1. Go through the stretch 33-68 and count every residue that is surrounded by fewer than 17 Cβ atoms within 10 Å (Cβ to Cβ) and aromatic (Phe, Trp, Tyr).
2. With surrounded by fewer than 20 Cβ atoms within 10 Å (Cβ to Cβ), of a type in the set (S, T, N, Q) and within 30 Å of residue 88 (Cβ to Cβ) as the only criterion, which of 131, 138 stands out?
3. Report, by residue number, each residue of the stretch 220-249 that is part of a helix (DSSP H, G or I) and more than 15 Å from residue 206 (Cα to Cα).
4. Does the stretch 138-147 contain any residue that is assigned to a loop (DSSP other than H, G, I, E, B), of a type in the set (Phe, Trp, Tyr) and within 14 Å of residue 62 (Cβ to Cβ)?
5. With respect to the numbered conditions (1) farther than 23 Å from residue 220 by Cβ; (2) not in a loop (DSSP other than H, G, I, E, B), which one is the sole condition not fulfilled by residue 111?
6. Quick one: in the stretch 81-92, of everything that is of a type outside the set (A, V, I, L, M) and under 29 Å from the mean Cα position of the chain (by Cα), which residue is farthest from residue 104 (Cα to Cα)?
7. Mind listing just one residue for me: the one in the stretch 151-170 that is under 19 Å from residue 65 (Cβ atoms) and in contact (Cβ under 8 Å) with a residue 60 or more places away in the chain and, of those, surrounded by the fewest Cβ atoms within 10 Å (Cβ to Cβ)?
Amino acid sequence: MNKIITVFTIVFIISMFGMAIAETDDAIPIPISAEQAFDAYAEQKDPLSGKDAKVAIVDVRTASEYYWVGTCAQVTKIIKTNGDEIIPYNGKVVLLGRIGYLKFKVRKNGHTKFIPVKYVEEIETTPIAINIPYKTWNDETATKPFNDYFSEEIEALAGEYDVIIMMCRSGKRSSLPSDASKFNFNLFNAVYEIDQPDGTNARGGFQGTSYSDSYNGYRGYPGRRTYYKEHNSVSWSDAGLPCHIGWEPQQ
């Protein structure tokens, strides 16, 4: 009997030690494309398993980037120049920048529709990402110190969401980990980030890479010919997905 108790105790200690290691390991988010992230949020499903889940997109850029550069959004209404109003299915509208068209559906299994941008008077959008800055901005020192409450604010989402999708500008900050960004991944069913499938090239996030400002203009706009590079961008802006710019008092 004593041997059985001893063996059980040893196994229990080893298993607890293994759990402790798992929780402190440098866990890395799973990279997905911006379009996968949009669909996962809009349908509230895990982007890879397809199972129902409470999904949140977490924008880890600074508040200035979030409000004034723009953040992830859904389209609530398209208003045409003739006064017609269109409500797209799931709020998903893709801007085909090179040809100047909006692409969308008005029902789940309906036909894809296209509207020339020149016939659009206004597009109403709603921001869908939660802003939890990985770094903040200090005006006095002109530096970006780490957000001391980052881990705490991320972990606070665990009671409300099963899956979180991290996003920054290009996929570097959201790739994690660092001592300042560690949080308990085990609190969520899954943790993703918008970035290239290999997670190393920073072609994701909100705007994607600038290619050192030496290729095809500034970062992040639909129609940018990034497929000539090693990896084409999978960023939100490059994909032509809806963006919301400006302050939202209710946020």
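1. 1
2. One residue alone meets the criteria, 131.
3. Of everything in the stretch 220-249, those that are part of a helix (DSSP H, G or I) and more than 15 Å from residue 206 (Cα to Cα) turn out to be 227, 228.
4. Taking every residue of the stretch 138-147 in turn, none turns out to be assigned to a loop (DSSP other than H, G, I, E, B), of a type in the set (Phe, Trp, Tyr) and within 14 Å of residue 62 (Cβ to Cβ).
5. (2)
6. Applying the filter and picking the extreme gives 85.
7. Restricting to residues being under 19 Å from residue 65 (Cβ atoms) and in contact (Cβ under 8 Å) with a residue 60 or more places away in the chain, the top hit is 170.
Residues checked against (1) under 15 Å from residue 35 (Cβ atoms); (2) of a type in the set (S, T, N, Q); (3) modelled with pLDDT of 95 or more:
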{"position": "90", "(1), (2), (3)": "yes, yes, yes"}
{"position": "110", "(1), (2), (3)": "no, no, no"}
{"position": "123", "(1), (2), (3)": "no, no, yes"}
{"position": "132", "(1), (2), (3)": "no, no, yes"}
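The values are calculated or read from the model by the stated rules, or taken from the named source; none is laboratory data. Note that the structure is a prediction, hence the values are computed from the model and not measured. For neighbour counting, all protein chains shown are included, and Cβ atoms are generated from backbone atoms with ideal geometry for every residue, glycine included.
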